[in-house]
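See structure below.
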Ligand code: KIV
Ligand code: ZN
């Protein structure tokens with residue numbers, strides 16, 4: 001068993017998290033999340049899959065140029081072209097890592113790779129050596145390790161370590177593992193592989209059976225010392241192990257775990273909000289650590305107990321994970337400098353002065369409508385303002401909606417298509433329906449609306465509503481997000497953002513696709 005008392009936190013929100021249908025982020029959004037992760041003090045940021053597209057490559061590169069306090073990593077299949085592209089993208093990083101992988105389960109080798117086990121070992125060794133020719137820090141993953149044979153895992157891992165891998169990752173790719181069994185697998189690998197002491201063993205668990213965090217913790221108890229996780233548990237299908245849950249379990253149960261992380265837990269809630277706002281994936285209220293109810297006590301008995309002695313019903317302090325209940329930060333009379341510094345404290349940095357000015361104008365307009373401006377409002381303003389690098393063709397100029405008892409709701413909008421103004425209007429079963437129909441009367445997108453959700457960003461009836469619209473077309477799914485104190489306007493913004501995203505239609509390779 002390794003004796004190291006440091007647990008390496010490897011965050012893959014920007015890579016595996018982005019593989020959630022609809023969670024695609026642009027470069028500026030990824031940079032903002034990377035900055036928040038650095039503030040959180042994660043050890044490794046998996047910034048993307050550089051070979052997937054030009055956009056992914058540029059995002060990884062700009063994160064590598066910006067981030068100083070975390071290692072920046074790119075994923076690469078065990079292919080020369082992937083590894084060379086990953087190396088190029090992380091080249092500017094102070095500390096860069098290449099994470100290469102190949103599938104090792106019988107089902108993946110036979111049906112996906114159509115390769116013999118010997119060929120898979122040879123390709124893994126070649127990939128690790130090639131990655132090592134670029135960087136010192138190389139991680140090797142056995143995709144679908146959770147369903148791989150132990151003897152084969154031992155063989156390929158020993159060879160990968162000999163070839164120069166310094167981190168060995170054991171993914172439960174399909175979320176099939178059970179904690180006790182997964183922990184035993186890690187222990188047996190550590191005991192049986194002769195050169196296991198030359199690498200840090202890592203785990204990467206998916207949540208298909210709701211066991212990603214439990215499996216990760218079991219693996220850590222049996223000797224793994226890196227855990228791969230995502231903010232809010234974002235990720236393929238049911239997601240990955242949630243960073244906040246793992247970090248707080250380890251921190252809270254130091255009597256049980258003989259290691260700790262270097263995470264600054266006070267940045268957990270802001271990071272969670274940022275990821276939720278950018279991806280449009282709301283956090284369920286009862287979600288551990290970061291859900292709105294995670295520290296709320298409803299029952300009288302609990303409230304009474306907490307008032308008498310907090311620890312009667314609380315095992316963590318809300319402020320330790322970054323809950324500082326809607327602190328009022330700025331008001332109508334706040335100036336541009338105060339606005340800029342508060343944004344910086346929240347980890348929000350605009351790339352251009354024009355963006356900052358635009359955000360400040362929005363802030364002033366909001367301060368006229370809403371006297372109390374909270375951090376959450378600032379984050380929504382920032383998200384709304386960020387200029388999409390590849391801005392789409394559609395824009396909202398202004399709108400008017402009528403809604404009256406007994407009268408059919410009607411929406412009239414002025415929209416731009418490629419900067420040219422158009423007036424559209426429609427009736428609907430409600431004001432949101434009328435708005436979307438009016439937009440579609442012009443765009444005729446052919447998209448299916450898969451999700452429409454509204455969340456109040458803060459409390460009070462003057463709160464901004466944050467609307468998420470998920471559209472699907474030809475198998476491609478995007479999420480548009482819009483925020484406004486008027487939820488019908490927020491809905492129009494979200495719908496238009498989703499249309500812009502779908503209109504880009506950029507093709508990206510999926511890392512775990514069949515084209516190896
Ligand atoms: O789930 C998985 O197997 C992965 C690998 C690429 C590490 O995401
Ligand atoms: Zn994964």
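The values are calculated or read from the model by the stated rules, or taken from the named source; none is laboratory data. Just so it is clear, the model here is predicted, and its values are computed rather than measured. Note that we place each Cβ from the backbone using ideal geometry, even for glycine, and neighbour counts take in every protein chain shown.
Would you check which residues across segment 24-47 are crowded, with 24+ Cβ neighbours inside 10 Å and either touching a strand residue (DSSP E or B) at 6+ places or on another chain (Cβ under 6 Å) or closer than 26 Å to residue 449 by Cα (or both) and list them?
Answer for segment 24-47, where residues must be crowded, with 24+ Cβ neighbours inside 10 Å and either touching a strand residue (DSSP E or B) at 6+ places or on another chain (Cβ under 6 Å) or closer than 26 Å to residue 449 by Cα (or both): 30, 34, 37, 42, 44, 45, 46, 47.
Find the residue count for segment 327-360, including only residues that are in a loop (DSSP other than H, G, I, E, B) and more than 21 Å from residue 63 (Cβ to Cβ). Break it down into steps so the answer makes sense when it comes.
So in segment 327-360, the residues in a loop (DSSP other than H, G, I, E, B) come out as 327, 331-335, 346-352.
Those left that are additionally more than 21 Å from residue 63 (Cβ to Cβ): 327, 331-335.
Residues that pass the stated criteria total 6.
Filter segment 19-43 down to the residues that are free of Cβ contacts under 8 Å to residues at least 60 places away in the same chain and either within 16 Å of ligand 2 (Cβ to nearest atom) or under 11 Å from the mean Cα position of the chain (by Cα) (or both) and list them by number.
Those that are free of Cβ contacts under 8 Å to residues at least 60 places away in the same chain and either within 16 Å of ligand 2 (Cβ to nearest atom) or under 11 Å from the mean Cα position of the chain (by Cα) (or both): 30, 34.
Looking at segment 133-162 only, could you name the residues that are more than 18 Å from residue 123 (Cβ to Cβ) and over 30 Å from the mean Cα position of the chain (by Cα)? Explain how you work it out, then say what you get.
Residues of segment 133-162 more than 18 Å from residue 123 (Cβ to Cβ): 135-137, 146-147, 150-151.
Hits for segment 133-162 are 150, 151.
Being more than 28 Å from residue 41 (Cβ to Cβ) and in contact with a strand residue (DSSP E or B) (Cβ under 6 Å, 6 or more places away or on another chain), is that true of even one residue in segment 379-391?
yes
Tell me, which helices (runs of 4 or more DSSP H) lie completely within segment 208-323 with 1 or more residues that are free of Cβ contacts under 8 Å to residues at least 40 places away in the same chain? Write out each step before concluding.
Values: elements: 212-221, 243-252, 268-279, 300-308.
Once the helices (runs of 4 or more DSSP H) in segment 208-323 are filtered for at least 1 residues that are free of Cβ contacts under 8 Å to residues at least 40 places away in the same chain, what remains is 212-221, 243-252, 300-308.
Just checking, how many residues over segment 183-208 are over 20 Å from the mean Cα position of the chain (by Cα) and farther than 18 Å from residue 249 by Cα?
18
Quick check on segment 129-167: of everything there that is under 19 Å from residue 192 (Cβ atoms), in a helix (DSSP H, G or I) and touching a strand residue (DSSP E or B) at 6+ places or on another chain (Cβ under 7 Å), which residue is farthest from ligand 2 (Cβ to nearest atom)?
Looking at the filtered set, the residue picked out is 161.
Only one of 218, 212, 242 is more than 15 Å from ligand 2 (Cβ to nearest atom) and crowded, with 23+ Cβ neighbours inside 10 Å. Can you tell me which? Explain how you work it out, then say what you get.
Values: 212 fails: more than 15 Å from ligand 2 (Cβ to nearest atom); 242 fails: more than 15 Å from ligand 2 (Cβ to nearest atom).
Residue meeting the stated conditions: 218.
Can you say whether residue 465 is without any contact (Cβ under 8 Å) to a residue 40 or more places away in the chain and more than 15 Å from residue 489 (Cβ to Cβ), as far as the supplied structure shows? Please lay out each step first, then the result.
Details: without any contact (Cβ under 8 Å) to a residue 40 or more places away in the chain: yes; more than 15 Å from residue 489 (Cβ to Cβ): no.
Considered against the rule, which asks whether it is without any contact (Cβ under 8 Å) to a residue 40 or more places away in the chain and more than 15 Å from residue 489 (Cβ to Cβ), residue 465 comes out as no.
Among the residues of segment 87-128, which ones are in contact (Cβ under 8 Å) with a residue 24 or more places away in the chain, assigned to a helix (DSSP H, G or I) and more than 16 Å from ligand 1 (Cβ to nearest atom)? Walk me through it before giving the result.
Narrowing segment 87-128 to residues in contact (Cβ under 8 Å) with a residue 24 or more places away in the chain: 87-108, 112-113, 117, 120-121, 123-128.
When the remaining residues are screened for being assigned to a helix (DSSP H, G or I), the result is 87-90, 106-108, 112-113, 117, 120-121, 123-128.
Listed by number, the residues that qualify are 87, 88, 89, 90, 117, 121, 125, 126.
Does residue 58 qualify as being at pLDDT 95 or above, more than 16 Å from ligand 2 (Cβ to nearest atom), part of a helix (DSSP H, G or I) and closer than 30 Å to residue 253 by Cβ?
no
I need the full set of residues from segment 168-182 which are in a helix (DSSP H, G or I) and either away from ligand 1 (no atom under 16 Å from the Cβ) or over 31 Å from the mean Cα position of the chain (by Cα) (or both), in order please.
Looking only at segment 168-182, we keep the residues that are in a helix (DSSP H, G or I), and these are 179-182.
Listed by number, the residues that qualify are 179, 180, 181.
Is it the case that segment 321-334 has a residue that's surrounded by fewer than 13 Cβ atoms within 10 Å (Cβ to Cβ), over 18 Å from residue 464 (Cα atoms) and at pLDDT 85 or above?
No, that holds for no residue.
How many residues does segment 183-207 hold that are outside any loop (DSSP other than H, G, I, E, B) and away from ligand 1 (no atom under 14 Å from the Cβ)? Lay out the reasoning, then the answer.
Looking only at segment 183-207, we keep the residues that are outside any loop (DSSP other than H, G, I, E, B), and these are 183-192, 196-198, 200-206.
Now drop any that are not away from ligand 1 (no atom under 14 Å from the Cβ), which leaves 183-192, 196-198, 200.
Final tally of qualifying residues: 14.
Within segment 500-516, is even one residue touching a strand residue (DSSP E or B) at 6+ places or on another chain (Cβ under 6 Å), modelled with pLDDT under 90, assigned to a loop (DSSP other than H, G, I, E, B) and over 13 Å from residue 392 (Cβ atoms)?
Yes - at least one qualifying residue is present in segment 500-516.
Could you grab the pairs with beta carbons closer than 6 Å, sequence gap of 6+ or different chains, first residue in segment 167-184 and under 20 Å from residue 140 (Cα atoms) and in contact (Cβ under 8 Å) with a residue 12 or more places away in the chain, second one part of a loop (DSSP other than H, G, I, E, B) and within 16 Å of ligand 2 (Cβ to nearest atom)?
From residues that are under 20 Å from residue 140 (Cα atoms) and in contact (Cβ under 8 Å) with a residue 12 or more places away in the chain, the pairs are 173/144; 175/207; 175/208; 175/209.
Restricting to segment 435-451, what's the tally of residues that are closer than 14 Å to residue 469 by Cβ and outside any helix (DSSP H, G or I)?
If we filter segment 435-451 for residues that are closer than 14 Å to residue 469 by Cβ, which is where we start, we get 435-437, 439-440, 443, 445, 447-451.
Within this subset, residues satisfying the condition of being outside any helix (DSSP H, G or I) are 445, 447-451.
Going through segment 435-451 one residue at a time, the tally reaches 6.
Listed here are the residues, each with its yes/no results for (1) surrounded by fewer than 17 Cβ atoms within 10 Å (Cβ to Cβ); (2) in contact (Cβ under 8 Å) with a residue 12 or more places away in the chain.
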site: 450; (1), (2): yes, yes
site: 456; (1), (2): yes, no
site: 482; (1), (2): no, yes
site: 492; (1), (2): no, yes
site: 497; (1), (2): no, yes
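Taking the options 481, 424, name whichever one is more than 16 Å from ligand 1 (Cβ to nearest atom), assigned to a strand (DSSP E or B) and either closer than 30 Å to residue 115 by Cα or under 19 Å from the mean Cα position of the chain (by Cα) (or both). Break it down stepwise before answering.
Values: 424 fails: either closer than 30 Å to residue 115 by Cα or under 19 Å from the mean Cα position of the chain (by Cα) (or both).
Exactly one of 481, 424 is more than 16 Å from ligand 1 (Cβ to nearest atom), assigned to a strand (DSSP E or B) and either closer than 30 Å to residue 115 by Cα or under 19 Å from the mean Cα position of the chain (by Cα) (or both), namely 481.
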